[in-house]
Amino acid sequence: MPHIPADLHLRAGGTSVVLHIAENSAPQVLYWGADLGNLSEQDLGEFVSSQVPGVVSGTADTPPVLSMIPSQSEGWLGTPGLVGSRGGRSQFSAFRAQSVDVHTTGSGGDGDAAGDVVVGENTGTRVDVHCYDDEAGLVLSVRLELTGSGLLRARATITNDAQDGYSLESLLLALPTPARETRVIDQTGRHLRERDIQTHEFTIGEHSRTTRIARGHAESTVHGTCEPETRWQDGLVHYIHVAWSGNTKTIAERDILGFQGLLGGEMLYPGEITLDHGESYTSPWIVGTWGHGLDEAAGRIHKYLRGLPSHPRTVRPVTLNAWEAVYFDHSLERLLPLVDAAADVGVERFVLDDGWFGSRRDDTSGLGDWVISPEVWPDGITPLADAVHAHGMQFGLWVEPEMINPDSDAARAHPEWILSPATHQPRLARHQQVIDLTNPEAFEHVSSQIIAVLD
């Protein structure tokens, strides 16, 4: 457990992270990027000193700090990391670091907490910093991880230590980016053109992206800064991703003093999170990567994911999905020749797509009725599966369990299963709505019907 103040140099996977932990602020990432090599305690101190900006005319007497949870008490006048209130009165927190814990995850680590923390190829380092705000009655815990692939991960937990409720409006984490990256990079897109990369000039101010409907192909899942003319294998780039399936907010921000960085977290709706005494909120993970070119930056994420224990270890099978061949026009006679053709060209998994269930003869009805259609499959789909298995292929079946057509037996019997406000339903998209799988009855309906089909 290092003493505060503390400076840490984390190294793994070709990445260095320099973390400064002062007593009167949240932890601050001063640098993350290319490996700085072995730094002595003196070298590290000199590097940290070189990152402190000077005082300029018209500013506070001490330079501002862009901490991982930036605040006005640290002199930061841009987007705050924490926004909340008690009884309608805003809180302007001033956190003080109380303890630091450093852990090397896996084997192969060496070094000490006062200088370099170096880890091997498949290991990483985790740093936990615990802070407290006496006036606001808030406890802040920030966790930062550097993985063996050189990927940076961070999240924060805010705990209400006071007796009255604390309304949390926003909790964003911040990471700096280098001044040479003068372009903002993010994504746009639409159906059939997802993840279209776009860049624009990084002007002074806040450049914000939000995802409000968790429909990522039309929004940006990454947000960062890059050098001009950055390409797949050229140009320095840093970007973050909020590892969250719900609403998110990311910001690229630059101020007149030369600070620039990226902020990200969950986008909360008003009144969504109120913490009673002792209750906590933990942000999603913020994933940060960098590289010389977009390929190298993405490669750090790929390597991290492939190293997870849950990552598939088997080779992905060559798959044929029957959708474009037959669409909704299902029959055993039509599909058996396709099974034979698939086996002849080396297909390893044959998937029967939309249209095998209920009244699903087009995209207007049947979702939510996960029963084999006797009209289309009078003998069930077992004969088709048997033919697929006879060729040594796996048999796959398409389902969309989270959706429901209003024109379905399930929706007619249980309109309350449609996820919607009390007085109206959302607009239809492809003639369908979302089924509320948090409703135990709806979940049991979907689960039991699909299991019955598989049995």
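The values are calculated or read from the model by the stated rules, or taken from the named source; none is laboratory data. Model, not experiment: these values are computed from the prediction. Counting neighbours? That spans all protein chains shown, and the Cβs are built from the backbone with ideal geometry, glycine included. Please note that ligands, DNA and RNA were not included when accessible areas were found on the heavy atoms of the full protein model with its side chains. Shrake-Rupley method; radii C 1.70, N 1.55, O 1.52, S 1.80 Å.
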inquiry  = Can you pull out every residue in the range 316-361 that is part of a loop (DSSP other than H, G, I, E, B) and open to solvent by 60 Å² or more (accessible area, probe 1.4 Å)?
reply    = 316, 318, 327, 329, 345, 348, 361
note = Looking across the range 228-241 at residues that are of a type outside the set (Val, Ile, Thr) and closer than 14 Å to residue 252 by Cβ, the single one that is most open to solvent (accessible area, probe 1.4 Å) is 241
query = Which members of the range 57-86 meet the condition of being over 20 Å from residue 273 (Cα atoms) and not in a loop (DSSP other than H, G, I, E, B)?
reply = 72, 73, 74
inquiry  = If I go through the range 273-310 residue by residue, how many of them are in contact with a Leu (Cβ under 8 Å, 6 or more places away or on another chain), hydroxyl-bearing (Ser, Thr, Tyr) and open to solvent by 40 Å² or more (accessible area, probe 1.4 Å)?
reply    = 2
note = Here the residues within the range 128-161 that are in contact with a Lys or Arg (Cβ under 7 Å, 6 or more places away or on another chain) and of a type in the set (A, V, I, L, M) are 151, 154
inquiry  = If I ask for residues that are open to solvent by less than 10 Å² (accessible area, probe 1.4 Å), over 16 Å from residue 93 (Cα atoms) and outside any strand (DSSP E or B), which ones from the range 150-201 would you list?
reply    = 150, 151, 181
message = Given the criteria more than 30 Å from residue 125 (Cβ to Cβ) and either aromatic (Phe, Trp, Tyr) or in contact with a strand residue (DSSP E or B) (Cβ under 8 Å, 6 or more places away or on another chain) (or both), does residue 336 qualify?
response = no
Where a residue in the range 78-93 is under 14 Å from residue 26 (Cβ atoms) and its partner, wherever it lies, is aromatic (Phe, Trp, Tyr) and open to solvent by less than 20 Å² (accessible area, probe 1.4 Å), with Cβ under 8 Å and at least six apart = none
query = Within the range 87-105, is even one residue touching a Gly at 6+ places or on another chain (Cβ under 7 Å), open to solvent by less than 60 Å² (accessible area, probe 1.4 Å), in a strand (DSSP E or B) and among the polar types (S, T, N, Q)?
reply = yes
ask   = For the subset of the range 109-120 comprising residues that are surrounded by 14 or more Cβ atoms within 10 Å (Cβ to Cβ) and not β-branched (Val, Ile, Thr), which member is modelled with the highest pLDDT?
value = 116
task = For residues that are among the acidic types (Asp, Glu), under 29 Å from residue 296 (Cβ atoms) and in a loop (DSSP other than H, G, I, E, B), tally how many sit in the range 1-56.
result = 1
request  = Looking at (1) out of contact with any helix residue (DSSP H, G or I) (no Cβ under 6 Å at 6 or more places or on another chain); (2) open to solvent by less than 20 Å² (accessible area, probe 1.4 Å), find the lone condition where residue 247 falls short.
outcome  = (2)
request  = Check whether at least one residue in the range 25-38 is modelled with pLDDT of 90 or more, of a type in the set (Val, Ile, Thr) and touching an Asp or Glu at 6+ places or on another chain (Cβ under 9 Å), and report yes or no.
outcome  = no
request  = Would you please name the residue that is nearest to the chain's Cα centre (by Cα), looking only at residues in the range 425-455 that are in contact (Cβ under 8 Å) with a residue 40 or more places away in the chain and part of a loop (DSSP other than H, G, I, E, B)?
outcome  = 430
request  = Mind counting the residues in the range 323-345 that are out of contact with any Leu (no Cβ under 8 Å at 6 or more places or on another chain), touching a residue at least 24 places away in the same chain (Cβ under 8 Å) and small (Gly, Ala, Ser)?
outcome  = 2
ask   = Does the range 405-424 hold any residues that are under 25 Å from residue 213 (Cα atoms) and in contact (Cβ under 8 Å) with a residue 12 or more places away in the chain, and which are they?
value = 405, 406, 407, 408, 410, 411, 414, 416, 417, 418, 419, 420
inquiry  = List pairs: first residue in the range 362-373 and touching a residue at least 40 places away in the same chain (Cβ under 8 Å) and in a strand (DSSP E or B), second residue among the aromatic types (Phe, Trp, Tyr) and buried (at least 19 other Cβ atoms within 10 Å of the Cβ) anywhere in the structure, Cβ distance under 8 angstrom, at least six positions apart or on different chains.
reply    = 372/356; 372/357
ask   = In the range 138-149, is there at least one residue being among the β-branched types (Val, Ile, Thr), over 23 Å from the mean Cα position of the chain (by Cα) and closer than 29 Å to residue 275 by Cα?
value = yes
